[in-house]
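Visitor: Take a look at this one; I'll ask things after.
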Amino acid sequence: MFRQWVKSRIGRFKERMPLPEFLQEWRAVRAGMARHRAQGQEACRYRLRRNLHRLEKGLMMPGARPVYGAEYIAETVAAYASLRQGAACEDTRDEMLWAHNVLRAYFGRVGPNPAVDGARRLFDSLAGPTPLGEVEVALPFRQKEIGPAPLSYEQILAATRHRKSVRWFLPRPVPHAALDQAMAAAIAAPSACNRQAFAFLIMDAPERVRSVAALLLGVSGFDHQIPVLVAVVGSLRGYEHARDRHLIYVDGGLAAMNFMLALDALGLAACPVNWPDRPQQNRNLAALLGLEDDERAVMFLAVGYPDPEGMVAHSQRKSLDLLRRYLP
């Protein structure tokens with residue numbers, strides 16, 4: 001009887017214990033939040049991007065309140081002031097021009113407020129528009145200025161249906177220029193508060209591709225002939241709250257879809273590869289790719305020029321009625 005009681009208690013304890021996958025995710029989320037609270041350049045950049053997005057939404061709002069954003073404008077200008085020092089770098093140029101224009105428009109719109117006035121004084125004290133000189137237009141604009149869509153619905157639908165998950169590739173190198181073209185489309189994907197807390201790690205060195213592919217579950221049988229392997233990696237340091245921990249998967253997935261459509265248009269092909277959440281494999285991958293403790297793999301993409309003789313799965317999709325519901 002006693003042994004049965006002990007076994008039942010141990011069984012209940014095990015059922016209530018967090019799974020290793022959740023513990024590992026919790027550690028990554030905690031590490032990301034700690035990095036977000038830091039005052040380094042990367043933390044400032046994520047903070048600035050999120051808050052600029054919030055300010056832009058206020059600028060677009062019809063009948064906006066006389067004062068808004070008072071609770072975060074001080075940290076926004078402080079982040080801008082910190083990042084200005086590196087604005088001469090090409091990779092931050094457009095970002096800093098956008099930040100300057102949004103902040104200038106915001107201070108021109110809002111009324112007096114102690115928190116806003118203090119931030120305004122700091123903004124005004126910064127010499128010149130940016131270290132880059134002339135300020136370009138980077139502000140919210142009216143929908144009508146976008147113009148009509150460049151592609152018809154039929155063309156968009158055809159493009160989405162033309163893209164297939166390709167597993168057989170030609171032994172042909174993929175130019176970095178073509179991958180960068182596809183990345184330009186990936187970057188255009190929407191992102192939560194415009195933070196874009198992800199990166200595409202592109203591998204085309206055969207030995208590295210083989211070593212990383214060995215960790216994947218979904219490439220058995222064709223991993224030996226993958227020319228390029230792309231890891232979509234999310235950075236949890238982009239988020240202040242644990243509630244946002246799933247955004248890396250949403251944003252990374254949106255960017256990956258744009259990337260695959262662009263590859264297809266460039267004559268390339270890709271196969272998206274799932275990355276199951278397995279603690280030991282996460283550790284192995286982190287060691288191979290040099291990932292930080294708050295970085296998590298979202299998915300992988302096998303990329304290359306498609307072998308015209310290779311087979312492609314039919315993959316019948318579900319019907320519209322199964323996937324769409326109109327709610328009353």
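Just so you know, all these numbers are worked out from the coordinates, no wet-lab data involved. If you're wondering where the values come from, they're calculated on a predicted model, not measured in any experiment. For neighbour counting, all protein chains shown are included, and Cβ atoms are generated from backbone atoms with ideal geometry for every residue, glycine included.
Visitor: Residue-wise, which Karplus ³J(HN,Hα) couplings in Hz belong to the stretch 235-243, taking 6.51 cos²θ - 1.76 cosθ + 1.60, θ = phi - 60°, and x for glycine or proline?
Guide: 10, 6, 5, x, 10, 7, 10, 5, 4
Visitor: With axes computed from alpha carbons, what is the tilt in degrees of helix 41-60 against the longest principal axis of the chain, rounded to the nearest 10 within 0 to 90?
Guide: 70 degrees
Visitor: Separate question: Cut-off 20 Å, label point 7 angstrom out along Cα-to-Cβ of Leu157: give me the residues of the stretch 309-328 whose amide nitrogen falls inside.
Guide: Flagged as within label range: 315-326.
Visitor: Further question on the same structure: State the antiparallel share, in %, of DSSP beta bridges confined to the chain, rounding to the nearest 5.
Guide: 95 percent
Visitor: With everything on Cα atoms, drop me the angle between helix 279-289 and the longest principal axis of the chain, reported from 0 to 90° to the nearest 10.
Guide: Helix 279-289 sits roughly 70 degrees off the main axis of the chain.
Visitor: Another question about this same structure. Using only helices, what value at 222 nm comes out for the chain when you add -39,500 (n - 2.57) per DSSP H run of length 4 or more and divide by the total residues, to the nearest 500 deg cm²/dmol?
Guide: After summing the helix terms and dividing by residue count, I get -15500 deg cm²/dmol.
Visitor: In addition: Can you give me the C-alpha center-to-center distance between the stretch 39-91 and the stretch 206-241, rounded to a whole angstrom?
Guide: 33 Å
Visitor: List the aspartates and glutamates whose alpha-carbon lies under 16 Å from that of Lys164, not counting same-chain residues fewer than 8 positions away?
Guide: Here the aspartates and glutamates satisfying the reach criterion relative to Lys164 are Asp264, Asp307, Glu309.
Visitor: Does the stretch 38-125 come out rounded, prolate or oblate, given a ≥ b ≥ c as the square roots of the eigenvalues of its C-alpha gyration tensor, rounded meaning a/c under 1.5 and, failing that, prolate meaning a/b above b/c?
Guide: Here the stretch 38-125 falls in the prolate category.
Visitor: What is the mean projected area of the alpha carbon convex hull for the chain, to one decimal in square nanometres?
Guide: So the Cα hull casts an average projection of 25.5 nm².
Visitor: I would also like to ask the following. How far, in degrees from 0 to 90, does helix 176-187 lean away from the longest principal axis of the Cα atoms of the chain, to the nearest 10?
Guide: Result, in degrees: 60.
Visitor: Could I ask something else about it? Given H placed on each backbone N at 1.01 Å, which residues far from Val228 in sequence or on other chains put an amide H within less than 5 Å of it?
Guide: Val303
Visitor: Using amide H atoms built 1.01 Å from N in the peptide plane, name the residues 5+ places from Leu170, or on other chains, whose amide H lies under 5 Å from its own.
Guide: Correct list: Tyr305, Asp307.
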